[in-house]
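I have placed the structure first, in the form of structure tokens, so that the comments after it can refer back to it.
Throughout, read-outs are computed from the coordinates displayed, never taken from laboratory work. Given the structure is predicted, the values throughout are model-derived calculations rather than measurements. Using ideal geometry, Cβ is built from the backbone for each residue, glycine included, and neighbour counts are taken over all protein chains shown.
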Amino acid sequence: MTDETKKNGPDTTAAENTTEAVASALEDAANQNAAEAPAPDAGQTTDPLGVLKAENAELRDRFLRLAAEMDNLRRRTERDVKDAKSYSVAGFARDMLAVSDNLRRALDAVPTEMRAGADATLTTLLEGVEMTERSMLSALERHGVKRIEAEGQKFDPHFHQAMFEIPDTTVPNNTVVQVVQAGFTIGERVLRPAMVGVAKGGPKPEASAAEPAGENKA
């Protein structure tokens, strides 16, 4: 045993040996990785023109997407502005129709024979109510509110609301034969459907009544 070993003891020597072994193992691993790493291929150089083309294609794609989004936004904005102009008075118009209905009920409450023999005061009153009704409907029409012409038309659930059925064989089935309350549209939308009575039991349309030629029933 040397003096150095005696001085430091066996633990110091073992630590030094372990440190040297670890350092040697790390060096061997580094050398092995360096040997296994593929050498750079001199032919695989970056092509500046190809990079520019790729960037140009990417920018063009982004521009087209942005242009499409802006066009969609412009169309939505135009549609929203148009709808705001056309339908902003829908609530107010619906309330005014209730007033017009009351005016019409007041006029219908006076029988025809009473009108024929009415004095000047009653006649003037009825004419004033009629003028008020016409003026109100005319004002609503200037803002896009129009009456639905329902009587005599085929029943359409988009514009009509059936209240009852009337047996009538003189007109085709599902024909509107009576209007209980007038309906109105605003722009392209239904502001209020017409409440109607429809015919029941009339002749069927020719298209549905005709049978295919040459068909034999079992």
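Can you confirm whether ALA162 is surrounded by 13 or more Cβ atoms within 10 Å (Cβ to Cβ), of a type in the set (A, V, I, L, M, F, W, C) and assigned to a strand (DSSP E or B)? Explain how you work it out, then say what you get.
On the way: surrounded by 13 or more Cβ atoms within 10 Å (Cβ to Cβ): yes; of a type in the set (A, V, I, L, M, F, W, C): yes; assigned to a strand (DSSP E or B): yes.
Yes: the conditions hold for ALA162.
Quick grid of which residues meet (1) farther than 30 Å from ASP83 by Cα; (2) in contact with a helix residue (DSSP H, G or I) (Cβ under 9 Å, 6 or more places away or on another chain):
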position: ARG105; (1), (2): yes, no
position: ALA109; (1), (2): yes, no
position: GLU113; (1), (2): yes, no
position: ALA118; (1), (2): yes, yes
position: THR123; (1), (2): yes, yes
position: GLU133; (1), (2): no, yes
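Is one or more of the residues making up region 121-140 closer than 18 Å to GLU188 by Cβ, basic (Lys, Arg) and either touching a strand residue (DSSP E or B) at 6+ places or on another chain (Cβ under 7 Å) or not in a loop (DSSP other than H, G, I, E, B) (or both)?
Initial filter on region 121-140 (closer than 18 Å to GLU188 by Cβ): 140.
From what is left, the residues that are basic (Lys, Arg) are none.
No, because not a single residue in region 121-140 is closer than 18 Å to GLU188 by Cβ, basic (Lys, Arg) and either touching a strand residue (DSSP E or B) at 6+ places or on another chain (Cβ under 7 Å) or not in a loop (DSSP other than H, G, I, E, B) (or both).
Using the structure shown, decide if SER86 is part of a helix (DSSP H, G or I) and touching a helix residue (DSSP H, G or I) at 6+ places or on another chain (Cβ under 6 Å). Spell out the reasoning first.
On the way: part of a helix (DSSP H, G or I): yes; touching a helix residue (DSSP H, G or I) at 6+ places or on another chain (Cβ under 6 Å): no.
For SER86, the condition - part of a helix (DSSP H, G or I) and touching a helix residue (DSSP H, G or I) at 6+ places or on another chain (Cβ under 6 Å) - is not met.
Scanning for something within 25 Å of GLY187 (Cβ to Cβ) and not basic (Lys, Arg), does region 104-115 turn up at least one residue?
Here is the first cut: in region 104-115, the ones within 25 Å of GLY187 (Cβ to Cβ) are 104.
Applying the additional criterion that residues be not basic (Lys, Arg) yields none.
Among the residues of region 104-115, not one is within 25 Å of GLY187 (Cβ to Cβ) and not basic (Lys, Arg), which makes the answer no.
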